[in-house]
Amino acid sequence: MTSLSRNARIAGLLYLTLMTAPLRLIYIPSKLIVMSDAAATAANIRAHETLFRLGILSDVFTATMAIFLTLALYRLFQDVDRALAVIMVILGGLMVTPIYFLNTLNDAATLMLVRGPEFLSAFTGPQREALALLFLRLHNHGVAVNEVFWGLWLVPFGMLVYKSRFLPRVLGVWLFLNAAVYVAHSVTVVMWPQYAAQLWNTLMPLTLGELAIMLWLIVAGAKEPKTVPAVA
């Protein structure tokens, strides 16, 4: 195995660790959170507190691994275009990770409110439940904000894939489309939230570009570009 292919597979395996993200992003909201019912949501979180805490932990883990992933990708692509690789690290690691960490505070606040420690006794039960749902909604807005950077970092990443000659160019194009969907969904959540779900359901297949590049890196690695012999 060449060093290029080894670096590609390492990056792919690090990409795989981000698969913890759907726990908090998709599974927990579907099982515990009822956005129209604060009391039911609080009861669900109290009944499944360990699961909710795992969601917080998964966000922290995902945020941490995003830094290692972008650094691994930098090592893979630095000889393709160092400037683009730096931009990729900034957008995909240095911007995404802090927002992830800050957003976990909304879940921490939710957990404190539903557990009702003594220092919160100034609030009634329904008030605490309403505040807990408020922080969960703020978490959703934090995700929408971070989604901008989930998209933007894929632009230099896609350009690097396209220029690399050791990965299929179609994957680079797919990453561009993936980026556009993330940014478009973020804007829609902020400006026209009533259409956000419809937009996502329609364009969701385009977001599989990240899954495609991850699997390619793990399974196929990177193909050494052919060198053209010098003309005597």
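The values are calculated or read from the model by the stated rules, or taken from the named source; none is laboratory data. All values derive from a computational prediction rather than experimental measurement. Every residue, glycine as well, gets a Cβ built from its backbone with ideal geometry; the counts of neighbours run over all protein chains shown. Surface areas here come from the heavy atoms of the whole protein model, side chains and all, with no ligands, DNA or RNA. Shrake-Rupley method; radii C 1.70, N 1.55, O 1.52, S 1.80 Å.
Is it the case that segment 113-130 has a residue that's within 22 Å of the chain's Cα centre (by Cα) and open to solvent by 30 Å² or more (accessible area, probe 1.4 Å)? No: segment 113-130 contains no residue that is within 22 Å of the chain's Cα centre (by Cα) and open to solvent by 30 Å² or more (accessible area, probe 1.4 Å). Taking segment 106-126 as the range and being touching a Leu at 6+ places or on another chain (Cβ under 9 Å) and without any contact (Cβ under 8 Å) to a residue 12 or more places away in the chain as the test, the residues that pass are M112, L120, F123. Scanning segment 145-157 for residues that are crowded, with 18+ Cβ neighbours inside 10 Å and closer than 24 Å to D107 by Cβ yields N146, E147, V148, F149, W150, G151, W153.
Screening the candidates N106, N44 for the property of being assigned to a helix (DSSP H, G or I), in contact with a His (Cβ under 6 Å, 6 or more places away or on another chain) and of a type outside the set (F, W, Y) yields one hit, N106.
Results for (1) open to solvent by less than 80 Å² (accessible area, probe 1.4 Å); (2) of a type in the set (A, V, I, L, M, F, W, C); (3) in contact (Cβ under 8 Å) with a residue 40 or more places away in the chain; (4) farther than 13 Å from A132 by Cα, shown as yes or no for each residue.
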site	(1), (2), (3), (4)
L18	yes, yes, yes, yes
P22	yes, no, no, yes
I28	yes, yes, no, yes
M35	yes, yes, yes, no
I45	yes, yes, yes, no
R53	no, no, yes, yes
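Pick from segment 158-206 the residues that are within 19 Å of the chain's Cα centre (by Cα) and within 16 Å of L217 (Cα to Cα): which of them is most open to solvent (accessible area, probe 1.4 Å)?
Applying the first criterion (within 19 Å of the chain's Cα centre (by Cα)) to segment 158-206 yields 158, 171-172, 174-190, 196-197, 199-201, 203-206.
Restricting the remaining residues to those that are within 16 Å of L217 (Cα to Cα) gives 158, 171-172, 174-175.
Working: G158: 0, L171: 12, G172: 0, W174: 85, L175: 0 Å².
Within segment 158-206, the match that is most open to solvent (accessible area, probe 1.4 Å) is W174.
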